[in-house]
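J.: Encoded as structure tokens, here's the structure I'll be asking about.
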Amino acid sequence: MSSNIYLKKTCIECGNQFIARTTVTLCCSGRCRKRIWKRKQREKKIKKAIEVEEKTIPQHIKNSDLKGREIFSILQASKFIGVSKSTIYRLFDDGKLKKVKIRSRIFITRNNIEKAFKI
């Protein structure tokens with residue numbers, strides 16, 4: 001069943017004018033339609049990644065029983081931030097996180113964590 005409708009429209013992707021056979025057609029070709037679809041998928045993926053990122057760091061801090069502490073051990077800091085112990089050591093080596101060493105033990109201050117992660 002074909003339509004007898006002929007509408008002049010402008011493609012939302014490339015801006016070219018074309019003749020549409022339906023009232024809901026938005027683009028001039030399959031190529032433009034695929035570009036629009038791909039852009040929408042990319043935007044959804046980025047939006048989802050941003051939402052996940054926003055939820056991750058605050059949840060670790062909210063759910064943590066370490067809120068009131070000013071000095072953390074390596075294990076406590078890793079739980080507080082939500083990363084592994086090896087990541088903490090890597091941050092030390094990269095110079096992104098400063099450590100306080102008392103005798104043989106290593107500690108991290110809350111201030112250093114907040115500076116490193118901009119909490």
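All of the numbers you see were taken from the coordinates with simple rules; none came from a lab. As the structure is a computational prediction, the values presented were derived from the model and not from experiment. Cβ: placed from backbone, ideal geometry, glycine included. Neighbour counts: every protein chain shown.
J.: Kindly put LEU75, LEU91, LEU26 in sequence by how many other C-beta atoms sit within 10 Å of each C-beta, fewest to most.
T.: Listing LEU75, LEU91, LEU26 from fewest to most nearby Cβ atoms yields LEU75, LEU26, LEU91.
J.: On a 19 Å Cα-Cα criterion, which of the cross-link pairs LYS48/LYS79; LYS48/LYS118; LYS8/LYS40; LYS79/LYS118; LYS44/LYS118 come out too long?
T.: Working: LYS48/LYS79 24 Å; LYS48/LYS118 22 Å; LYS8/LYS40 25 Å; LYS79/LYS118 17 Å; LYS44/LYS118 26 Å.
Violating the 19 Å Cα-Cα cut-off are LYS48/LYS79; LYS48/LYS118; LYS8/LYS40; LYS44/LYS118.
J.: Is the shape of the chain rounded, prolate or oblate, going by the alpha carbon gyration tensor and its root eigenvalues a ≥ b ≥ c, with a/c under 1.5 for rounded and a/b larger than b/c for prolate?
T.: Prolate, because a/c is 1.5 or more and a/b exceeds b/c.
J.: Can you pull the one-decimal nm distance between simple spin-label points at ARG105 and PHE92, each 7 Å off the Cα toward Cβ?
T.: 1.4
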